[in-house]
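See below for the structure under consideration.
The values are calculated or read from the model by the stated rules, or taken from the named source; none is laboratory data. Note that this is a predicted model, so its numbers are computed, not measured. With ideal geometry, Cβ positions are generated from the backbone for all residues, glycine too; neighbour counts draw on all protein chains shown. Keep in mind that these areas ignore ligands, DNA and RNA; they rest on the heavy atoms of the full protein, side chains included. Shrake-Rupley method; radii C 1.70, N 1.55, O 1.52, S 1.80 Å.
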Amino acid sequence: MQDATRRGTADNTLHEGSLQEIHRFALSRRAFLRAGAGAALGLGLPAWLGGCASLPEHASPAWKELAASLQGTLLMPGAAAFAKRAAPWALQYASTLPQGIAQCADEADVRTCLRWAQANDMPLVARSGGHSYAGYSTTTGLMIDVSAMHAVDIDPSTGIATLGGGARNRNVYAACRPFSRAVTHGRCKEVGVAGLVLGGGIGFNMRLHGLTCDGLKATRIVLADGRALACSEREHDDLFWACRGAGGGNFGIHTEFTFETFPVGEYTVFELTWRDRFAEVFEALQTMALSAPDSLGMKLSVKAEAGKPGLALTILGQLADSKDALMAMLAPVFAVRPPSTSKIDALPYWDAQELLSEQGDPEFSHERSRFVKGALSTGAIHAILANLGAWPGTHVAATWKFFLMGGRIDAKRPADMAFVHRGCSMISSIELEWTEADSPETLTKNEAWLTGFHDAMAHYTTPYCYQNFIDPSQRDYLDAYYGENLPRLREVKRRYDPTDVFRYPQSIPV
Ligand SMILES: Cc1cc2nc3c(=O)[nH]c(=O)nc-3n(C[C@H](O)[C@H](O)[C@H](O)COP(=O)(O)OP(=O)(O)OC[C@H]3O[C@@H](n4cnc5c(N)ncnc54)[C@H](O)[C@@H]3O)c2cc1C
């Protein structure tokens, strides 16, 4: 999607009907203008006025026509909200600016944008929460921003939640809270559910209830040819299979997600930090975590922070059980070394999430992940501590962490959906953070350190990486993200996006 020059060709496997649809849809720019797209789509006068209001005088007729065709607003450089909406979470990619941001109000707007971009030979990208680690929701063309489509509706009689394609974690929090229900969600309130679920979705509920994508029951997606498809186990099941783990930016633009929610009661939340005896504490925590019941959701991190001496080892998480149950699980760890700080609280689920959640403001960051099977060896733990001890330093921090997996995640098999990483004990990752005050030389040193650390850990982990911690520097990234499911994903890509309209540097090729 970001490279306007990369063009695929229509594939033989495409149904004739679909081809005709594409030809009808891909009008030339002149035909789009002549057709008066806004009128053709049956839009009323207020939308014409509203859409144009934010355009600069010098905007070309094509952009004006697009603005006039949208129910939502088209933002162009100079508009008050443009800079904020254009900025990605990963600030190192913030210099890539779109020519226009279509703030879609509904599915018809998404169709209009897709049609307009293709008619005008304009690169396009979908943007939901903007939290792609690699800035893959930026473009130099048209950003199709679905974030205004963020309504979340829960049916109290069935517990089924229907979300707009642009809902964020915070919208899910707000809608689920009154019903004391939840889905598997992330910790950062600003992350888009679209990116989260389409790449899998990890969270503290995943061991008890499965990944976010495991709870997805149905979705609506607009394809490059303009068709809006309802996908589920019963309809377009091949596309539904692919969207659950490989959907972000690869096949179309999702406008709706339907989830099964589950009831939530009181949880024990915790954050404990150790400042010495790291290797022994790590071993003891790992032993506890790998034998823990599925009710435990936990992240372990070891952090080197600018301006602070030494390292800090922290566990953060929740237990769907009592404080006493947690203390019993932690007793062997406390016997090795009690934590230097500890916070443990028993709270109703959504109050507990306030302690666990992070704001996730934009920053400069590079994260590299690897899935782990079984326990990390003593050698691996020493390698983690030695690499963090040798961190060259930035103005912020470097962190190695793992998120505990297992439990209900393994109720599905690798081939059941595109998310292939089943049977793992943890997702590990190394996160490097810096600021603009860090010099290019410092960054070069830090990137070399990150590569060396990531490569050293390969000895102890699987070669697989988490597609939602998408990493522009990952070698053999398609195998690393999709493993044995890759050939089937390419078939789905050829079937639903044969001309490779949805593409970015690491997208699934046709
Ligand atoms: C601070 C932070 C915290 C995080 N926490 C977690 C976590 O707890 N659990 C976890 O699993 N992951 C987590 N992640 C990773 C996160 O899941 C991914 O970065 C995810 O892709 C972000 O989704 P988004 O919609 O916010 O991003 P975007 O940048 O908007 O989109 C990501 C990708 O999906 C595509 N896309 C966006 N919207 C649509 C759509 N409607 N239809 C089709 N494609 C679309 C984009 O084009 C892009 O390729 C976190 C990331 C950050 C930065």
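Structural remarks
- Among the residues of segment 424-446, those that are out of contact with any strand residue (DSSP E or B) (no Cβ under 9 Å at 6 or more places or on another chain) and exposed (fewer than 15 other Cβ atoms within 10 Å of the Cβ) comprise A437, S439, P440, E441, T444.
- The number of residues in segment 376-398 being open to solvent by 10 Å² or more (accessible area, probe 1.4 Å) and not in a helix (DSSP H, G or I) comes to 8.
- Test for R111: is it over 20 Å from the mean Cα position of the chain (by Cα) and not small (G, A, S): yes
- Among the residues of segment 156-214, just one is acidic (D, E) and under 26 Å from A292 (Cβ atoms), namely D214.
- Neighbours by Cβ (under 6 Å, 6+ apart or cross-chain): first from segment 183-195, touching a residue at least 60 places away in the same chain (Cβ under 8 Å) and among the aliphatic types (A, V, I, L, M); second more than 7 Å from the ligand (Cβ to nearest atom) and assigned to a strand (DSSP E or B): V183/F259; V193/L163
- Looking across segment 211-236, the residues that are part of a helix (DSSP H, G or I) and not acidic (D, E) come down to C213, G215.
- Filtered residues of segment 229-287 (kept if hydroxyl-bearing (S, T, Y) and touching a Gly at 6+ places or on another chain (Cβ under 6 Å)): T255, T261
- In segment 328-341, the condition of being open to solvent by 30 Å² or more (accessible area, probe 1.4 Å) and within 30 Å of H131 (Cα to Cα) is met by no residue.
- Filter result for T184 (part of a loop (DSSP other than H, G, I, E, B), hydroxyl-bearing (S, T, Y) and near the ligand (Cβ under 10 Å from one of its atoms)): yes
Here is a yes/no grid of residues against (1) within 11 Å of the ligand (Cβ to nearest atom); (2) in contact (Cβ under 8 Å) with a residue 60 or more places away in the chain; (3) open to solvent by less than 10 Å² (accessible area, probe 1.4 Å):
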position	(1), (2), (3)
Y93	yes, no, no
Q103	no, no, no
V110	yes, yes, yes
W116	no, yes, yes
V125	yes, yes, yes
T140	no, yes, no
V146	yes, yes, yes
R168	yes, no, no
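- Any chance F204 is in contact with a strand residue (DSSP E or B) (Cβ under 6 Å, 6 or more places away or on another chain), part of a helix (DSSP H, G or I) and either within 12 Å of the ligand (Cβ to nearest atom) or in the same structural domain as T162 (by TED's automatic domain parsing) (or both): no
- Restricting segment 82-91 to residues that are of a type in the set (G, A, S) and touching a residue at least 12 places away in the same chain (Cβ under 8 Å), the residue that is surrounded by the fewest Cβ atoms within 10 Å (Cβ to Cβ): A87
- Per-region count, segment 462-490, residues closer than 20 Å to R413 by Cα and either more than 16 Å from the chain's Cα centre (by Cα) or open to solvent by 60 Å² or more (accessible area, probe 1.4 Å) (or both): 14
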